[in-house]
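Quick notes on the structure that follows.
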Amino acid sequence: MSSMPLYLQSTWACSILGQLIVLILLLLKGNFRRVPLFTAYTTLNICQAGFILLLYLIPGISSANFLTLSWASEFVTLIAQALATTEILRITLKPYPGIWGLGWRALASTSVLVVIVVELTSRGHTAGERLFELNRGYHLTFATAVIACLLLVRYYSIRVPIAYKRILGGFCLNSCVEVLIYTFIQAFFHKDFDLHQVRWEFLTTLSFVAALAIWVVAVWKPFPAEDRQIAWLSDSEYQRLSPEIDEQLRRVNEKLLRLWKLEARPN
Amino acid sequence: MNIALLLLAGFAILLLILLVAVLREPERHGKPENDLAFLEESGRSHATYLRQVQQAMAAEDFEFLAARGSRELSKRTRKERRKIVLEYLYCLRNNFLKLWRLARVISTMSPKVGVGQEFARLRLGLIFFLHYELLRIKFRFGFAPLPELGLLSEVVSRLAVRLETAMRELGERAAQAAKLASTLDGRRLDSR
């Protein structure tokens with residue numbers, strides 16, 4: 001712990017403080033009932049901080065063991081992050097089962113695509129570098145999938161309560177910034193990569209503190225009650241109306257295309 | 001910095017931009033109910049002016065003006081009338097938008113949505129807007145093939161009628177649902 005620079009210790013302390021505030025607010029405002037997985041994620045993060053602190057305090061722990069254990073704890077929180085995000089998307093899209101059906105497909109297909117791209121671009125030589133790349137790959141996949149889902153929500157003009165937007169925004173911001181930080185460090189300090197782990201840790205903790213600040217604002221007030229009532233269409237009505245409208249749209253488009261294809265003549 | 005890292009960094013920046021765009025409050029239609037209100041507005045205004053628009057760009061008019069009046073007058077008239085046609089195109093676009101939005105409202109109200117169908121519609125919308133923009137540029141810069149405008153307008157008029165029918169059906173469905181909601185519990189209503 002004493003080997004940790006003061007600036008890193010300070011940001012770490014800020015991060016733990018922020019997580020505690022988020023957790024307390026979730027409990028005090030009763031929001032934990034609405035987002036149990038997000039509450040679990042926050043709790044796990046605090047536990048992870050405690051666990052790493054404990055590792056620092058163990059005398060004589062080898063660097064390899066320290067890295068393995070801290071990355072294992074990171075793995076758990078990353079899984080919790082994915083679950084917490086899915087929970088919020090699920091709450092948002094619960095009143096729209098058809099769109100949720102599209103949403104999880106978008107999540108799955110985007111994730112698979114990004115994982116393939118990440119795998120193709122990974123070139124880590126050491127185990128440490130591979131772990132960092134894996135972490136970056138996760139954040140890239142996560143941010144892409146969530147943004148794809150948010151685009152879908154926006155396309156269908158579905159209202160997302162501001163608190164949920166902020167939580168999702170915090171997650172995505174953190175993930176995007178993590179990808180950027182790691183990529184820049186890898187690009188500019190490739191030869192002395194291991195020497196820049198402290199810098200990486202400082203910057204990523206800082207971006208997480210920014211996400212925490214957004215979450216504090218998000219959970220400051222109790223979440224709105226779910227009051228959306230939708231006049232459902234039956235499946236057959238969708239099957240009937242939707243192609244009909246599509247056909248009409250296609251015709252307008254064809255006419256527009258014909259209009260475009262006509263020989264241009266200067267006036 | 002190699003290409004892969006550059007692409008990764010660029011992609012992350014693009015994601016950040018998209019995030020800001022996606023989380024911004026929509027300007028006009030944040031709620032589905034607003035969509036319905038938007039759809040209820042009359043969508044037939046373009047049809048009312050069809051004849052005038054066709055007449056406005058009739059070649060004979062310009063020939064007549066050029067022969068009897070001055071070239072300057074013909075030019076000015078053409079410019080003014082082109083403006084009218086652009087307005088007209090804008091109305092057609094609005095009609096398309098209304099229908100496109102109606103399709104999306106129907107999708108949000110449906111318990112099961114066809115992925116292929118939705119994707120095809122999205123593609124159609126993107127193609128339409130691409131054509132629309134190209135056509136607008138074409139008109140703006142004076143390359144204006146106008147005889148097809150009538151056809152286009154006809155199609156959109158038919159769309160407006162379809163739109164009204166669909167809206168009426170949706171309205172009836174909503175009224176039915178509201179009626180049922182007062183007598184049945186939500187669960188039974190959902191299971192319909």
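The values are calculated or read from the model by the stated rules, or taken from the named source; none is laboratory data. Just so you know, these numbers come straight off a predicted model, no measurement behind them. Cβ: placed from backbone, ideal geometry, glycine included. Neighbour counts: every protein chain shown.
Considering only residues that are of a type in the set (S, T, N, Q), facing chain B (nearest Cβ under 9 Å) and under 14 Å from the mean Cα position of the chain (by Cα), which ones fall in the range A:148-181?
The one that is of a type in the set (S, T, N, Q), facing chain B (nearest Cβ under 9 Å) and under 14 Å from the mean Cα position of the chain (by Cα): A:SER175.
Checking the condition assigned to a helix (DSSP H, G or I) and more than 10 Å from chain A (Cβ to nearest Cβ), which residue from B:GLU118, B:GLU60 passes?
Within the list B:GLU118, B:GLU60, the selection yields B:GLU60.
Which condition number in (1) loosely packed, with under 15 Cβ neighbours inside 10 Å; (2) free of Cβ contacts under 8 Å to residues at least 60 places away in the same chain is the one that A:PRO5 fails?
Going through the list (1) loosely packed, with under 15 Cβ neighbours inside 10 Å; (2) free of Cβ contacts under 8 Å to residues at least 60 places away in the same chain, A:PRO5 breaks only (2).
Can you name every residue in the range A:116-132 that is in a helix (DSSP H, G or I) and either more than 21 Å from A:THR204 (Cβ to Cβ) or within 10 Å of chain B (Cβ to nearest Cβ) (or both)?
Within the range A:116-132, A:ILE116, A:VAL117, A:VAL118, A:GLU119, A:LEU120, A:THR121 meet the criteria.
If only one of A:PHE184, A:PHE208 is assigned to a helix (DSSP H, G or I), at the interface with another protein chain (Cβ under 9 Å from one of its Cβ atoms) and either more than 31 Å from the chain's Cα centre (by Cα) or at pLDDT 70 or above (or both), which one is it?
None of the other options fit; the residue is A:PHE184.
Given the conditions (1) modelled with pLDDT under 75; (2) out of contact with any helix residue (DSSP H, G or I) (no Cβ under 9 Å at 6 or more places or on another chain); (3) hydrophobic (A, V, I, L, M, F, W, C); (4) closer than 30 Å to B:ALA66 by Cα, report the number of the one that B:ILE137 does not fulfil.
Only one criterion in (1) modelled with pLDDT under 75; (2) out of contact with any helix residue (DSSP H, G or I) (no Cβ under 9 Å at 6 or more places or on another chain); (3) hydrophobic (A, V, I, L, M, F, W, C); (4) closer than 30 Å to B:ALA66 by Cα is unmet by B:ILE137, namely (1).
Could you go through the range B:56-74 and let me know if any residue there is modelled with pLDDT under 75 and under 23 Å from A:SER236 (Cα atoms).
No, the range B:56-74 contains no residue that is modelled with pLDDT under 75 and under 23 Å from A:SER236 (Cα atoms).
Test A:GLY137 against the criterion of being in a helix (DSSP H, G or I), small (Gly, Ala, Ser) and modelled with pLDDT under 90, and give yes or no.
So A:GLY137 passes the test.
How about the range A:61-102: which of its residues are within 16 Å of the chain's Cα centre (by Cα) and farther than 19 Å from A:ARG34 by Cβ?
Scanning the range A:61-102 gives A:GLU74, A:PHE75, A:VAL76, A:THR77, A:LEU78, A:ILE79.
Got a number for residues in the range A:66-110 being free of Cβ contacts under 8 Å to residues at least 40 places away in the same chain, more than 22 Å from A:ASN45 (Cβ to Cβ) and of a type in the set (S, T, N, Q)?
Count: 2.
When you scan the range A:28-40, how many residues do you find that are surrounded by 15 or more Cβ atoms within 10 Å (Cβ to Cβ) and in contact (Cβ under 8 Å) with a residue 12 or more places away in the chain?
Total meeting the criteria: 8.
Just checking, does the range A:15-32 include any residue being at pLDDT 90 or above, of a type in the set (Ser, Thr, Tyr) and closer than 30 Å to A:LEU168 by Cβ?
yes
Would you tally the residues in the range A:118-127 being touching a residue at least 12 places away in the same chain (Cβ under 8 Å) and buried (at least 16 other Cβ atoms within 10 Å of the Cβ)?
Final tally of qualifying residues: 1.
Residue-by-condition table, conditions (1) crowded, with 20+ Cβ neighbours inside 10 Å; (2) charged (D, E, K, R); (3) in contact with a Cys (Cβ under 9 Å, 6 or more places away or on another chain); (4) not in a helix (DSSP H, G or I):
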site	(1), (2), (3), (4)
A:THR42	yes, no, no, no
A:THR68	no, no, no, no
A:ILE99	yes, no, no, no
A:GLY103	yes, no, yes, no
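I'd like to verify a number: residues in the range A:4-14 that are among the hydrophobic types (A, V, I, L, M, F, W, C) and modelled with pLDDT under 90, how many?
Of the residues in that region, 4 qualify.
If you scan the range B:95-115, which residues turn out to be touching a residue at least 24 places away in the same chain (Cβ under 8 Å), more than 7 Å from chain A (Cβ to nearest Cβ) and out of contact with any Pro (no Cβ under 7 Å at 6 or more places or on another chain)?
Within the range B:95-115, B:ASN95, B:LYS98, B:ARG101 qualify.
Answer yes or no as to whether A:VAL76 is modelled with pLDDT of 85 or more, surrounded by fewer than 17 Cβ atoms within 10 Å (Cβ to Cβ) and either more than 15 Å from B:LEU23 (Cα to Cα) or of a type in the set (Asp, Glu) (or both).
Taking the combined requirement at face value, the residue satisfies it.
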